[in-house]
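Notes to accompany the following structure.
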Amino acid sequence: TQLLEQSPQFLSIQEGENLTVYCNSSSVFSSLQWYRQEPGEGPVLLVTVVTGGEVKKLKRLTFQFGDARKDSSLHITAAQPGDTGLYLCAGAGDAGGTSYGKLTFGQGTILTVHP
Amino acid sequence: DAGVIQSPRHEVTEMGQEVTLRCKPISGHNSLFWYRQTMMRGLELLIYFNNNVPIDDSGMPEDRFSAKMPNASFSTLKIQPSEPRDSAVYFCASSLSGIGQQFFGPGTRLTVL
C-alpha cells in the first residue's frame, strides 16, 4: 500500500509570510500532483510534477519533486489571505506503472493566512 | 462548460435507510472516479470506471456500497443500509482518460444519524 504523509497538518500564518508544505512517501510515484480545495468544493489541480528533481513555479507557488520521486514540497512566497485552503498532494501510480492514474492522496494541510 | 455535476449537495438520513448519490461527468470524459473524504482518513478512492465499466473497486468499503454507470453521462453510488460511520463528503471526478487530469465535482455531504 502506497502512503503519502503530509506535514504540517495545520498552518496558521500572517499575510506576507513564506511557508513550505511537505509530502513524503517510502514509495516511488510516476508523478505527483498538488491540489487546492476550498470549503464546499472539490479539489482543483494546481500542478503535476513528473521528473525527479523537477521544479515548477505558479506565480508565488513553487513545487518541487524529489530526485527519487518519493517526496515533494510546495513553497508559497508572501502568502495572501486568498491562499487559505486545504492543500493536498497526490501520487499517481508507481515505478512499475499502473493501468490508470490511480491517485493516493495525502491527509492534507489546512492553511490559514490572516490579513 | 459545465463541470462535474453531483446531486444532492447535502443528504441527511437515518441509519438503515438507502442513500443514492448521483454524478454526471464532464461530456466526453471516459473515466469516472468516486471518492470519499473524511477528517480521519482523508480522500480515498472508492471505485474507478473506464468506458462505463468498473475497473477497480478495491476501495469500496463493504457490500453495503455499490456503484453503477449505466451510460457515459451518469453514475450512481448507493449505500444500503446506511450507517453513521458512512457520514462523509463523497466526490465524483472525471477525466478524458484514466491517466489524465481528474476534474472533481462539488461533492455530496452525507450525514447518517
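Derivation of every value follows stated rules applied to the coordinates shown; laboratory data play no part. Every value quoted in this text rests on a predicted model; they were computed, and no experiment measured them. Here Cβ is always computed from backbone atoms with ideal geometry, including for glycine, and neighbour counts include all displayed protein chains.
Report the charge-dipole magnitude of chain A in Debye, nearest 20, computed about the Cα centre from +1 at each Lys and Arg Cβ and -1 at each Asp and Glu Cβ.
Dipole of chain A, to the nearest 20 debye: 240 debye.
Report, to one decimal in Å, the Kirkwood hydrodynamic radius for segment B:11-54 based on all distinct Cα pairs.
Every distinct Cα pair counted, the radius reaches 12.7 Å.
What does the charge dipole of chain B about its Cα centre add up to, to the nearest 20 debye, if the Cβ of each Lys and Arg holds +1 and the Cβ of each Asp and Glu holds -1?
So the magnitude is around 240 debye.
Regarding chain A, what's the average projected area of the Cα-atom convex hull, expressed in nm²?
6.8 nm²
HN-Hα J couplings of segment B:94-111 from phi, Karplus 6.51/-1.76/1.60, θ = phi - 60°, integer Hz, Gly and Pro as x?
Computed from phi, the couplings for segment B:94-111 are 9, 8, 5, 9, x, 10, x, 4, 9, 10, 8, x, x, x, 10, 8, 9, 10 Hz.
From the P(r) of segment B:1-81, could you give the percentage of C-alpha pairs in the tail past 19 Å?
So the portion of pairs separated by more than 19 Å is 39 percent.
At what distance in nm do the modelled label points of B:LYS78 and B:ARG109 sit from each other, each positioned 7 Å from its Cα along Cα→Cβ?
2.7 nm
Please state, to two decimals, what the Cα-based radius of gyration of the protein assembly as shown comes to when divided by 2.2 N^0.38 Å (N = residues).
After normalising by residue count via 2.2 N^0.38 Å, the value is 1.02.
Diagonalise the Cα gyration tensor of segment B:44-113 and give the resulting equivalent ellipsoid semi-axes, square root of 5 times each eigenvalue, largest first, whole Å.
22, 14, 11
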